[in-house]
Amino acid sequence: MKRCFAIIPILLIIALMIGCQNQTSTTDTEETNSQSSQKKDDDKKTEPDKTQEEEKKQKEQKEQKEQLLAEAKVLAKHYDYEKAVTQLKESVVPEDEDIQAAINTYEKQIENLVTWEDNGKISHLFVHSLIVDTSKAFDGDYKAQGYHDYFVTIDEFKKVLEQLYEEGYVLVLPDDIAKLNKDGEMVYQDIRLPLDKKPLVFSQDDTNYYEYMEGDGFAKNLTVDDSGNVTNTYVNQKGEEVQGAYDMVPIVDDFVDKHPDFSYQGAKGIIAITGYNGVLGYRTSEDSYGPDSDEPNSNIKEDQEKAKKVAYAMKEDGWAFATHTWGHLDAKEVSLEKLKTDLAKWRKEVEPIVGSTDILIYPYGSDIGDWRGEYSDDKYDFLKSQGIAYYSNVDGSTPSWSQLGPDYFRQARMNVDGIRMDEALTGSNDVLEHFFDVEPVYDPERPE
């Protein structure tokens, strides 16, 4: 009996130990289940994050591809198929189906291009600032005849552009025609266009918006709008300053946006400027408007910065600048010393705003040399030492004339203005007929 009572405590101890083990096991199981459940919850949270990251990455890649294709499309419309193909092949996804299709398309289009047959037969047209308000320009005062003779209206210019485009002309710049090679020799460049297209240079003289033009129906200046585009400021009939396409630069920009095949590899035109009244409509000349001048401009530094911003935007968008001399000099008639002094002023006052240039567009259609021979005198040696490689005079007798010198390219320009259009209408000179039909272009608001 005593033995039985002695066994009972032992059994109780064993039962208690087993219960504790069961409890521990249950607790461990619960902890394990809890950890497993937490892991599943964490996995559920991680999976959406990974999905969002992948979707974001895919979206970015799609946007990059679309931008790449859009840029290549613009290049192709400007006949720069090779650059378009190169950019697509160097992209991060050249094996993409859409990318490869675009590459194939542009490579086939390259085969349709032909090299322009004679770079010595490329025409060059030019205008002055465009007349916005004919009632102000042709108001009968002492300047009206000059405006009639040497200028065209906005309506006339737009009609000229339309006809040039319909005739298959494509805008190029002088360095598309010829360039100096590594040995300093001027050599023709290949201009590759469709068979029905032909290259053309277009320039504008005196894009300075001179003081004498104020109140006569011209734009006030060139400026950069809130979207970063170059546009004009114009003072309307109410005396209000408004922005819009009131001169050649923004009008051509808009036209090329609409017809990108009117521009060869993004080229627009040449802007020839002097310096004595400032540049691009801003009174920037220290000589004419500095603190020690007769007419000091208290905002001259601000105007210089504004003009610099405009010039930069223009160059980024296919425009080139040329020196028209600082003081609008007749380079043939002035002495070498005066030419040196003048160009030094241009370098000092204009170049910091528009940048350096290797193009000289002669005022008055002048030229330092004769068309029958090559440049060789002291004036040419000086201009060459100043980095000038492209020269343009005026010749209204032929659709095109140029000369490829050993280290320069000289090209004649055709003036599009009242004088030349009057000659076309009277039959005394039909050279403009190579470019456009004058009769529908001629503005009826011109004085008789």
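FYI, it's all coordinate maths here, none of it is from the lab. Because the structure is predicted, anything quoted here is derived from the model rather than measured. We place every Cβ from the backbone using ideal geometry, glycine too, and count neighbours over all the protein chains shown.
Observations, loosely collected:
- Quotient of Cα Rg and 2.2 N^0.38 Å for region 331-448, N being how many residues it contains: 1.29
- Amide H contacts of Asn221 (H built 1.01 Å from N, under 5 Å, at least 5 apart or other chain): Thr233
- Legend: ranking of residues His434, His78, His124 from fewest to most surrounding C-beta atoms inside 10 Å; resulting order His434, His78, His124.
- Among beta bridges that DSSP assigns inside region 234-376, antiparallel share in %, nearest 5: 30 percent
- As a rough footprinting exposure proxy, the listed residues Trp371, Trp116, Trp401 were ranked by other beta carbons within 10 Å of their own, and the order from fewest upward is Trp371, Trp401, Trp116.
- By DSSP, the beta bridges lying fully in the chain are antiparallel in about 40 percent of cases.
- Modelled label positions at Gln64 and Ser428, each set 7 Å beyond Cα in the direction of Cβ, lie 6.5 nm from each other.
- For Leu180, distant residues with modelled amide H under 5 Å away: Val187
- Dipole magnitude of the chain, debye to nearest 20 (Cβ charges: Lys/Arg +1, Asp/Glu -1, about Cα centre): 2320 debye
- Mean Cβ count within 10 Å, highest first, over the residues of peptides 415-428, 156-169: 156-169, 415-428
- For the chain, the 222 nm mean residue ellipticity estimated from helices alone, with every DSSP H stretch of n ≥ 4 adding -39500 (n - 2.57) and the total spread over all residues, rounds to -14000 deg cm²/dmol.
- Cα long-axis angle, helix 248-258 against the chain (0 to 90 degrees, to the nearest 10): 50 degrees
- Per-residue HN-Hα couplings for region 149-159 [Karplus 6.51, -1.76, 1.60; θ = phi - 60°; Hz; x = Gly/Pro]: 6, 10, 10, 10, 8, 4, 4, 4, 4, 4, 5
- With contacts taken as Cα pairs under 8 Å at a separation of at least 6 residues, the chain carries a relative contact order of 16 percent.
- Summing charges over all other residues whose Cβ lies under 12 Å from the Cβ of Lys62, with Lys and Arg as +1 and Asp and Glu as -1, gives -2.
- Per-residue ³J(HN,Hα) for region 109-114, Karplus 6.51 cos²θ - 1.76 cosθ + 1.60, θ = phi - 60°, Hz, x for Gly and Pro: 5, 4, 5, 8, 7, 10
- Peptides 374-382, 224-232 ordered by packing proxy, namely the average of other Cβ atoms within 10 Å per residue, highest first: 224-232, 374-382.
- Within a Gaussian network of the chain (alpha carbon springs, distance under 10 Å), most fluctuating of Ile99, Ile154, Ile177: Ile99
- Our coupling estimate for region 77-83, obtained by passing each phi through the Karplus curve with A = 6.51, B = -1.76, C = 1.60 and θ = phi - 60°, is 5, 8, 6, 9, 5, 4, 5 Hz, Gly and Pro reported as x.
- Region 100-152 and region 352-397: distance between their alpha carbon centers, rounded to Å: 21 Å
- Among beta bridges that DSSP assigns inside region 133-282, antiparallel share in %, nearest 5: 60 percent
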